[in-house]
1. From (1) in contact with a Leu (Cβ under 8 Å, 6 or more places away or on another chain); (2) buried (at least 18 other Cβ atoms within 10 Å of the Cβ), pick out the condition that doesn't hold for A:Cys136.
2. So the check is Cβ under 7 Å with 6+ separation or different chains; which pairs have a first residue in region A:240-257 that's more than 25 Å from A:Ile217 (Cβ to Cβ) and a second one that's open to solvent by less than 30 Å² (accessible area, probe 1.4 Å)?
3. Determine which member of the set A:Phe82, A:Phe75 is free of Cβ contacts under 8 Å to residues at least 60 places away in the same chain and buried (at least 16 other Cβ atoms within 10 Å of the Cβ).
4. Can you spot a residue in region A:152-160 that is within 21 Å of B:Gly194 (Cα to Cα) and within 16 Å of ligand 1 (Cβ to nearest atom)?
5. Which residues, taken from region A:385-420, are touching a Ser or Thr at 6+ places or on another chain (Cβ under 9 Å) and basic (Lys, Arg)?
6. Any residue in region B:131-156 that's in a helix (DSSP H, G or I): show its pairings with residues that are of a type in the set (Asp, Glu) at Cβ separation under 8 Å, as long as the two are six or more apart or on different chains.
7. Looking for whichever is open to solvent by less than 10 Å² (accessible area, probe 1.4 Å) and either within 14 Å of another protein chain (Cβ to nearest Cβ) or closer than 23 Å to B:Leu87 by Cα (or both) here; the options are B:Ala212, B:Ala265. Which one fits?
8. Select, from B:Leu140, B:Leu161, B:Leu150, B:Leu146, the only residue that is more than 14 Å from chain A (Cβ to nearest Cβ), open to solvent by 50 Å² or more (accessible area, probe 1.4 Å), touching a Gly at 6+ places or on another chain (Cβ under 7 Å) and of a type outside the set (Ser, Thr, Tyr).
Amino acid sequence: MTDNVVVTPRNEAPPILAVEHLTKTFGSLVANDQVSFSVKQGHVHCLLGENGAGKSTLAKCIYGASRPDAGRIYFKGREVAFSSPRDAIRMGIGMVHQHFVLADPMNAVENIIVGEESTGALLNLQAEKKKIQALCEQYGIVLDLDTPVAQLSVGQQQWVEILKALYVSVDLLLLDEPTAVLTPQEVQSLFSIIGKMVIDGISVILITHKLHEVMNISNEVTILRKGKVVDTVPTRGNTKASLARLLVGRDFDFNVHKEKIDFGPPALEIKGLTVLRDNGSLALQDVSLNVRQGEILGLAGVSGNGQAELFETLVGVRKAEKGKIRFAGVEILKESTHNPEAIASLGLASVPQDRLRQGLIEEFTVQENLILGLQDSPSYSRGVSLNWKAIKSFASQAIQQFEIKTTGPLQPVGQLSGGNLQKVILAREVSKPIKVMVASSPSRGLDIGATYYVYSRFLELLRNGAGILMISEDLDEIFNISDRIAVIYNGRIMGVFDVHEVDRETIGLYMAGLEEHEHS
Amino acid sequence: MFNEFLQADMLISIFASAVRMGTIVLFAALGELIVERSGVLNLSVEGMMLTGALAGFLVGYFSESLWLGVVSAALAGMLISVIFALLAIVFQVDQTVSSLTVNIFAAGLTFFIYRTVFPDVGSQGTPNLVPFSALKIPYLSQIPVLGELLFSHHAMAYIALFMVLIIWFYLYRTKSGLILRTIGENPRAVDMKGISITLYRVSAVLFGGLMAGLAGSVITLGSAGVFVADITAGRGWLAIAIVIFGDWKPGRILWAALFFGFIDALQMQVQALGIKLPFQLFLAMPYIMTVIAVFLGRRRAGAPIALGTPYVRE
Ligand SMILES: Nc1ncnc2c1ncn2[C@@H]1O[C@H](COP(=O)(O)OP(=O)(O)O)[C@@H](O)[C@H]1O
Ligand SMILES: [Mg+2]
């Protein structure tokens with residue numbers, strides 16, 4: 001992406017943190033299995049692993065937010081056993097959690113100082129604000145300290161989280177997937193902040209599942225797979241490919257091999273679409289997009305910019321104020337067709353963002369969920385009864401193809417893990433006759449193998465003449481398989497680009513709303 | 001009659017009594033504000049007030065010390081709030097269910113105790129005591145108009161007004177107040193600093209009970225001088241509505257309490273003047289006001305985000 005952050009570690013420094021044989025279980029699930037690794041003083045140490053590998057659990061154990069079942073943790077040369085994060089904070093450990101932990105209506109200053117021991121019983125907000133401003137200057141963070149954090153951008157909220165950790169002057173900072181919600185520019189800013197921390201002597205544990213980030217910033221990397229440490233290796237001397245092999249456990253080809261497909265006429269046409277949020281504010285303003293047959297249109301944008309409402313309008317659960325949506329020769333915003341059933345029967349398949357609440361019925365079995373919405377199709381029913389034999393054989397096949405981890409077709413779907421829930425939905429949706437697929441973050445929570453399997457199914461849909469609208473925050477995903485990229489910001493389309501004629505930085509700028517672009 | 005009604009001194013007396021009526025609910029509303037700011041929805045203010053009203057009356061009656069009555073009312077309100085705290089926070093029973101339990105319990109308990117202590121009520125006349133008299137502040141109470149409006153109330157009214165300042169200062173200027181507000185918005189943010197959510201929420205509920213108890217004592221010791229079943233007559237509910245109408249902010253809650261105190265005072269004046277309106281209307285007044293308050297405050301912009309949600313560590 002861009003230059004490596006220059007970090008000059010002292011080589012023979014003793015480890016600031018050493019974890020030995022740490023085990024943490026949830027019921028029968030072993031989230032961390034005999035994990036051992038150590039972090040050198042003043043280094044950036046990456047924890048790399050796929051979703052569910054146990055990275056967050058490990059971080060929480062180190063931070064005292066979760067208690068390990070077994071194992072030892074040494075910090076600054078002493079064995080520690082934190083019973084609460086307060087102990088960890090006192091010793092100089094800070095953590096930025098995977099999901100924001102902020103009080104929305106309160107400003108950055110209040111969010112940063114709340115519960116800190118250094119403040120007196122009576123607050124001196126002016127003095128605290130000055131102190132935080134000084135920190136911002138020191139690390140080159142630009143942040144409005146007076147507005148409620150809910151009104152800050154996602155990137156700025158991340159700075160608040162980081163300032164929370166820096167405010168107490170940490171020696172070791174744990175960052176749990178801090179880049180997941182950031183634009184490329186913000187990731188770059190974050191990395192330069194990390195660089196400054198390291199110069200100040202802070203050691204950093206950066207959790208990620210993105211290989212290019214590991215290559216970009218870390219000194220060492222520990223790879224976790226299914227709760228176990230695969231290896232700890234120095235970053236220098238490794239490549240993305242060699243790390244990927246450790247991550248996945250076999251050689252892996254990251255390129256999506258797309259054959260040349262001639263795009264057909266539009267499969268989905270959105271014109272001048274205006275949609276309101278539940279609270280009456282504008283979610284989408286005059287949005288126009290085309291998805292042609294045989295192409296993937298990637299819709300990039302930081303979440304909360306209208307993507308959810310667009311998805312809901314397309315599948316027929318949210319009303320539009322203005323505009324037209326045409327697909328399969330039908331104007332679907334009409335009263336008679338704008339409902340989920342009619343739209344699905346016209347050939348629109350969808351993968352929602354919140355799979356468990358919008359895409360599945362928890363109490364139903366895997367096989368029931370796999371044919372949800374298809375129960376009337378002749379393949380699975382005979383008259384008024386269901387053809388369980390056909391359903392079961394379809395389910396078994398889907399379980400195998402998508403490598404769904406389940407005890408079998410009869411297991412209630414609510415017992416599956418996040419990644420496997422997604423696989424159930426995808427298996428169901430791609431089995432339908434599809435003209436348009438609308439997918440929201442299709443690979444979120446999937447491991448690499450499953451992700452590429454999903455992509456290969458997408459390519460098959462394209463070959464059969466379908467068009468795909470893929471909504472995603474993840475620029476890796478967007479650039480990996482899109483033909484064209486549209487950027488949404490604040491409910492507007494900022495521009496539409498051919499994937500070969502645009503780079504990540506440009507898309508990042510549009511995602512941050514920095515440039516308005518004429519679109520046709 | 002209406003001419004009389006509109007006379008200046010009549011108006012002043014209505015406003016003065018608005019302040020008096022307002023302070024009753026003000027105590028309870030400020031207590032509920034602290035409870036709700038911690039993210040707990042306590043709907044048993046009515047029951048806690050009723051308990052305070054009885055305890056205040058009984059102790060005041062037998063000890064012949066009004067202040068001892070006030071202190072007992074506060075303690076009794078706190079004691080009954082322990083039940084709510086245990087149910088709703090420690091055992092994480094649904095907060096509405098916990099509230100209902102306490103309300104029903106308090107209504108039954110107060111009636112039972114009162115009849116046990118005074119078995120002959122009715123035949124012997126209702127036991128009564130001499131309530132707080134107005135504390136006319138020297139010189140200031142002599143000022144025309146303002147004197148009667150602001151400086152001629154009983155001591156509890158001044159305490160209530162002073163509490164607004166204290167609560168405001170606590171919420172916005174102290175470390176503990178900031179923690180409490182944060183717990184109401186996102187308890188995890190505080191949990192991750194190793195601070196006990198349970199401790200804060202239980203303390204908030206106990207404080208709410210104390211304030212509701214005080215509010216109850218203002219009814220029996222500050223104006224009525226007697227206790228009858230259900231003497232709070234919906235003012236506990238009104239206090240909850242005032243918190244909503246006051247958008248969970250101390251200053252606005254003060255104005256809301258005074259506004260509804262004014263309506264309360266107005267209806268009493270109308271009643272006193274013998275203007276013919278069905279008496280059921282007056283009985284319904286606190287409830288009608290509750291509806292109005294919730295309706296006017298329905299935007300709920302200031303509502304704590306975690307309000308009503310038990311905290312479970314993930
Ligand atoms: N509180 C919990 N209760 C039960 N299972 C959990 C809990 N937290 C995490 N897990 C499980 O532990 C495994 C590791 O999760 P996590 O540490 O979040 O992985 P990662 O951060 O690497 O994506 C997952 O299978 C997850 O479902
Ligand atoms: Mg995680």
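1. So the condition that A:Cys136 fails would be (2).
2. A:Val256/A:Tyr455; A:Val256/A:Ile481
3. Exactly one of A:Phe82, A:Phe75 is free of Cβ contacts under 8 Å to residues at least 60 places away in the same chain and buried (at least 16 other Cβ atoms within 10 Å of the Cβ), namely A:Phe82.
4. Checked region A:152-160: no residue is within 21 Å of B:Gly194 (Cα to Cα) and within 16 Å of ligand 1 (Cβ to nearest atom).
5. A:Lys405, the sole residue that qualifies.
6. Between residues of region B:131-156 that are in a helix (DSSP H, G or I) and residues that are of a type in the set (Asp, Glu), the close pairs are B:Ser141/B:Glu148.
7. Working: B:Ala265 fails: either within 14 Å of another protein chain (Cβ to nearest Cβ) or closer than 23 Å to B:Leu87 by Cα (or both).
Of the residues listed, the single one that is open to solvent by less than 10 Å² (accessible area, probe 1.4 Å) and either within 14 Å of another protein chain (Cβ to nearest Cβ) or closer than 23 Å to B:Leu87 by Cα (or both) is B:Ala212.
8. Working: B:Leu161 fails: touching a Gly at 6+ places or on another chain (Cβ under 7 Å); B:Leu150 fails: touching a Gly at 6+ places or on another chain (Cβ under 7 Å); B:Leu146 fails: touching a Gly at 6+ places or on another chain (Cβ under 7 Å).
Of the residues listed, the single one that is more than 14 Å from chain A (Cβ to nearest Cβ), open to solvent by 50 Å² or more (accessible area, probe 1.4 Å), touching a Gly at 6+ places or on another chain (Cβ under 7 Å) and of a type outside the set (Ser, Thr, Tyr) is B:Leu140.
The values are calculated or read from the model by the stated rules, or taken from the named source; none is laboratory data. The shown structure was predicted, so the numbers you read here are calculated from the model rather than taken from an experiment. Virtual Cβ from ideal backbone geometry, glycine too; neighbours counted across all protein chains shown. All accessible areas refer to the heavy atoms of the entire protein, side chains included, with ligands and DNA or RNA removed. Shrake-Rupley method; radii C 1.70, N 1.55, O 1.52, S 1.80 Å.
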